[in-house]
Every structure is written in structure tokens, then in C-alpha cells.
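> First the structure, then my questions, so here it is.
Just so you know, all these numbers are worked out from the coordinates, no wet-lab data involved. No experiment lies behind these values; they were computed from the predicted model shown. Cβ placement follows ideal geometry from the backbone for every residue including glycine, while neighbour counts extend to all protein chains displayed.
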Amino acid sequence: MTTKTVHVRKDTRLDASDRFALALLNLLWAVAIGLWWLILFPMISIPLALVVTAWIVLGWPVGLAAGGVSVAGLLAWQRARPQMFERWVTQRARTRFLTWHRYRRRWATLMKACHLSIDRGDRTFIPRLLGVQIGPATDRVRVRMLEGHCPADFENRVTHLAHAFGALDCRATITGPGTVELAFRHSDALAQTITLPRVDHWTRPKAA
């Protein structure tokens, strides 16, 4: 008597309805992210909404004209009030992007790589990222420690954290019960060029 082995191969390919549902979910997620960014930057989203409305309602020539006026207005704002433009547009966009790019997008992976996660059974717990403050040279990241962590767990991993997050160095400071602040230095502030004011108008007082 012979035994015949039968291999069953599962078909993991998605049918048309599954592919459509997945594409729809990805589209909705992209729209949600886009709307969130538009809410964060109304000084950009409002002119953009007006341009799109003019394009749809009044035609493409009016839409192009509205777009040109909007771009000219932003350029005029940047030239007339550079500090205000930096605070409301450039700095906010830079802060949001660097917060996501440096920390949020790989937070769980890098916490595991630095051995700051805790495994309990079949679950892995990651220290919670409370907030990020992006600075000119140093970023300050507030972290909620897990139960079982102690301050030394973070203080002993500052070299690993600096390497993982692409910083020159890292300092860990306990700022409250179960809360630690990680200061990541990404550049040397003292190495930046400082423009001094002109002193041509300074004159020595004439002797009496």
C-alpha cells in the first residue's frame, strides 16, 4: 500500500474586488493626509482652493490667472515680511517635515534597535513619543518611559540613540515621573556664520 502526498497550494492573489477595495483605501488615506496638511497650512490651502474653484467654475484661463496672482502674493509677502513668512510658512513646514522624517516614521523600529522596547509574551511595547521640538541645531524629544524602565536605561543608550537618529550626539534628561527628554544635536550652532551689523555710521566724537 502506497501513500500519496498531496500538496495544496494556496492562491494568495487578490481578485478584482480586493484590488479595488485596497486601491480605494489607499486613495482615502492619501486624501485624509492631504486634507490634514491643508488644515495645518491655511495660508497655502486657501489660495489653492480659490484657484481650483476658479478653474472649475470660470474656466482654465481664470484659474491660471488666479494661480499667478496667488504665487505673486506669496512672493510679495516673503519679500516684504520675511520674518513673518518664515514663521508662518517656511518654519512650520520644516518643523512638520523634520518631525515626521527624523522621528515619527521609524520610531518603533529604532526603539527596538536601541533595545528600549519591552517584550511581554507575544506583545512588544514601545516607549511613547510625547512631543518633538525642532530647533536650529538641537531637537528635543519627550518620551514616556515604559513600566520597568529606569532613567539609566536611556542614559546608557544615548550613543546608540544618536547613531540611530542620525545626530551628532544625544543627551537624556529626566523631566518628570516616567518622562525623559532626549536632546539630539544635529549641527554645531557655534559653527554657523553670524552677520554683524554695519558700523560705517559709527564715528568717534570730535575733540573739544
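> So, R0 is 30 Å and r is the distance between the beta-carbons of Thr173 and Arg123; what FRET efficiency does that work out to, to 0.05? Please list the in-between numbers first.
Working: r = 29 Å, r/R0 = 0.97.
Given R0 = 30 Å and the Cβ-Cβ separation, E is 0.55.
> Report the extension gain between Arg140 and Ser45 in nm, rounded to one decimal, defined as 0.36 nm multiplied by the number of residues separating them, less their alpha carbon distance. List each step's numbers first, then the result.
Numbers: separation 95, 0.36 × 95 = 34.20 nm, distance 2.91 nm.
Extra length available between Arg140 and Ser45 comes to 31.3 nm.
> Could you compute how fast the stretch 78-193 diffuses translationally, taking Rh as the Kirkwood radius over C-alpha pairs and applying Stokes-Einstein at 10 °C with viscosity 1.306 mPa s? Give it in µm² per second. Mind dumping the intermediate values first?
Working: Rh = 15.5 Å.
Here the translational diffusion coefficient equals 103 µm²/s.
> Which FRET efficiency value, to the nearest 0.05, do you get for Leu64 and Leu24 by plugging their Cβ-Cβ distance into 1/(1 + (r/R0)^6) with R0 = 35 Å?
On the way: r = 32 Å, r/R0 = 0.91.
For Leu64 and Leu24, the calculated efficiency is 0.65.
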